[in-house]
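Following: one structure in structure tokens, then a few remarks.
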Amino acid sequence: MGRAVVADALREADPAAAGDAERDTNWRRGYVVHFRRLVEAGLASKEGAVSVARDGLESIHGRMRVVHADGEETGLGSLLSAPAGRLVTTVTVPGAGRAGEGLSLPYHGGELRGDALLRRLQAWVDGGVIEPSCAAAVRTVAAHPEWLALPGHTVVVLGAGAEVGPLSPLLSWGARVIAVDLPRPAVWERILDTARRSAGTLLVPVAAQTTGAHQPGGSTGDLAERAGLDLTSDVPAVAGWLATCDGPLVLGNYVYADGAANVRLSAAVDALTMRLQAERGDVALAFLATPTDVFAVPAEAVAQSVHAYTARSAGMKLAGWPLRTLSGGRLLHRAYPPGADPGINDSLVPQQGPNYVLAKRLQRWRATVAREAGAAVSMNVAPPTRTRSVVKNQILAAAYAGAHRFGVEVFEPATTKVLMAALLVHDLHTGGGPSHPHPWQDEAHAAAHGGLWRIAYTPRSALALAAALGYRRARK
């Protein structure tokens, strides 16, 4: 299915590339080439980029099927109008804590605020860890602490238990948040504990088994046992519930699942997004883009990378040729040809697999199409982060452990989620952030890529060596 969707997305913009995708007989290994071509095919014009996004989304919606309880199959589009199978009520959990004074960023066991925060942002910019526009956005939020509580907004956090999702920062700042996650008591105990200790307000869904069934009252005593919804089976119920919530709504997509389930989950969330946008006109969208994908990057990033390649140490220059030879040409390639504008940063990690990349690309496509239609969209590239889903893969864990040797900073989840929540706050107070002539510029704006866009080498050719260098550290 992934091969067919990529071919469909490419068909109008680059028919030859679409044919290549269709003929690839080893998709599990060959997919990285075709996902890069999806970006390259849209660079010629804004219309081309929007075409790739729109055609990719239409292919997913045309090919996915919904299997009902009686075994009947319908298209994904059936979720846009299907009646809810059960009712959902809301339990409100007020926080008993107090909001902190201004923006504070956890970092290396401490808290950065005020001048210390500004110095760290500048150090990241100087080191090529984040884009200058990212630092500017966070500085603006730091200068406007009244923004942090997001007055006038209700943020829906789909995947509320996600390690780098914005739920805990937003609640700590006093925001009003709707949490959606699977009905798993352990997950909800953690979410509820966060909410009760925060300065914010949490709205929790509690669903009956069938329409018309008795709904539990508002008691929060056993709420962790009753809370939660499964987005792969409850889209109509979730949509019906959210349609009645006070807005304006920010629909934040932070969901994740392993393997093919990730594509199913992302497709279900996309159907929910379309349904909510059709039912109410006050829905903004929010996403986190993975840094391990393909992006067009500005000329300034290319120039810093070219300088880093030229200025690399004598030892690295001496080691480069034999390492490339011994690895069959896989190691230590320069990142960009000098003067590329834009450059193409290919940070795909084959071990993450085509399902993960397709699920994340679906979100980027939805952001592009929604922004083109006039919706407010916050989509920012998050830094590489030591989340559980990453470090459970031994190769990725080793690569992250050795990445600092090549100028890549891997973040801890506590830092990432506050940094990205601050960017969300910025975007919501500035209409979705600046609007650019081309979608690739929207994606590159305020990116916190951890250095992957500005290091001397193509990330894949450096991270393979980083994995070898970081293996011992990762094992510890």
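The values are calculated or read from the model by the stated rules, or taken from the named source; none is laboratory data. Note that this is a predicted model, so its numbers are computed, not measured. Neighbour counts are summed over all protein chains in view; Cβ atoms, including those assigned to glycine, are modelled from backbone coordinates with ideal geometry. Ligands, DNA and RNA are stripped out before the accessible areas are found, and what is left, the full protein with its side chains, is counted by its heavy atoms. Shrake-Rupley method; radii C 1.70, N 1.55, O 1.52, S 1.80 Å.
Each other residue within a Cβ distance under 13 Å of G95 adds +1 if Lys or Arg and -1 if Asp or Glu, for a net charge of +3.
What whole-number volume per residue, in cubic angstrom, does the convex hull of the C-alpha atoms of segment 417-476 give? The partial results should precede the final answer.
On the way: hull volume 6.4 nm³, N = 60.
Given the Cα convex hull of segment 417-476, per-residue volume reads 107 Å³.
For D115, D222, what's the largest-to-smallest order of accessible area, 1.4 Å probe? Numbers along the way, then the final one.
Values: D115 105, D222 75 Å².
So, going from the largest accessible area down, we get D115, D222.
Screening the chain for whole DSSP H helices of 30 Å or more along their axis (Cα) with average Kyte-Doolittle hydropathy at least 0.5 returns none. Sites listed here are trypsin sites (Lys or Arg not before Pro) in segment 89-126 whose DSSP assignment is loop and whose Cβ has at most 11 other Cβ atoms within 10 Å: R98.
Applying the criteria of a DSSP loop state and at most 16 other Cβ atoms within 10 Å to the GluC sites (Glu not before Pro) of segment 57-148 yields E72, E101.
Per residue, the convex hull spanned by the Cα atoms of segment 49-90 amounts to 95 cubic angstrom. Of the residues V283, V418, V369, the one whose Cα sits farthest towards the positive end of the charge dipole of the chain is V418 (charges of +1 on Lys and Arg Cβ, -1 on Asp and Glu Cβ, taken about the Cα centre).
Restricting things to alpha carbons, find the Rg to Rh ratio for segment 1-135 using the Kirkwood radius for Rh.
Details: Rg = 23.5 Å, Rh = 20.1 Å.
Looking at segment 1-135, the ratio lands at 1.17.
Projected over all directions and averaged, the alpha-carbon convex hull of segment 307-402 occupies 9.0 nm².
Using a cutoff of 8 angstrom between alpha carbon atoms and counting only pairs six or more residues apart, the relative contact order for the chain works out to 20 percent.
A convex hull fitted around the alpha carbon atoms of the chain yields 148 Å³ per residue.
Considering only protein heavy atoms and a probe of 1.4 Å, how much of the accessible area of the chain is carbon and sulfur, as a whole percent? Let's see the in-between values first.
On the way: 10440 of 19780 Å².
The value for the chain is 53 percent carbon and sulfur by accessible area.
Protection proxy ranking of 179-186, 197-204, by the mean of other Cβ atoms within 10 Å over each peptide's residues and highest first, is 197-204, 179-186.
Among L167, G402, V187, which residue has its Cα positioned farthest towards the positive end of the charge dipole of the chain, with +1 placed on the Cβ of Lys and Arg, -1 on the Cβ of Asp and Glu, and the dipole taken about the Cα centre? Farthest along the dipole direction, towards plus: G402.
Is the C-alpha gyration tensor of segment 334-387 telling us rounded, prolate or oblate? Criteria: a/c under 1.5 is rounded; beyond that, a/b larger than b/c is prolate, otherwise oblate. Show your work: numbers first, answer last.
Details: a/c = 2.03, a/b = 1.22, b/c = 1.66.
Oblate shape, in that a/c is at least 1.5 and b/c is the bigger or equal ratio.
Assign unit charges at the C-beta atoms only (+1 for Lys and Arg, -1 for Asp and Glu), then state the dipole size of the chain relative to its Cα centre in Debye, rounded to the nearest 20. Computed charge dipole of the chain: roughly 1780 debye. With the helix formula -39500 (n - 2.57) applied to DSSP H stretches of n ≥ 4, the chain reaches a computed 222 nm mean residue ellipticity of -14500 deg cm²/dmol. Across segment 258-376, Cα-Cα pairs farther apart than 20 Å form 61% of the total.
Per residue, how much accessible surface does the chain expose to a 1.4 Å probe? Answer in Å², no decimals.
Details: 19780 Å² over 476 residues.
For the chain, the per-residue accessible area is 42 Å².
Which whole number in µm²/s is D for segment 358-439 by Stokes-Einstein, with the Kirkwood Rh taken over Cα pairs at 4 °C and 1.567 mPa s?
Working: Rh = 14.7 Å.
After rounding, the answer is 88 µm²/s.
Compute the projected area of the convex hull of the Cα atoms of segment 95-237, averaged over all viewing directions, and report it in nm² to one decimal place. Show your work: numbers first, answer last.
Values: hull surface 42.8 nm².
With every direction weighted equally, the projected area is 10.7 nm².
Based on the convex hull around the alpha carbon atoms, segment 254-316 presents an average projected area of 7.7 nm². Rounded to 0.05, the FRET efficiency of the D341 and T90 pair, given R0 = 41 Å and the Cβ-Cβ distance, is 0.25. List the residues of segment 338-353 whose backbone N lies under 18 Å from a point placed 7 Å from the Cα of A311 along the Cα-to-Cβ direction. Residues passing the 18 Å test: 338-339.
From the P(r) of segment 89-179, can you give the percent of Cα pairs sitting at distances over 24 Å? The partial results should precede the final answer.
Numbers: 1154 of 4095 pairs.
Tail of P(r) above 24 Å: 28 percent of Cα pairs.
Arrange the peptides 7-13, 295-301, 361-367 so that the one whose residues have, on average, the most other Cβ atoms within 10 Å appears first.
On the way: 7-13: 22.6, 295-301: 20.6, 361-367: 24.1.
The packing order, highest mean first, is 361-367, 7-13, 295-301.
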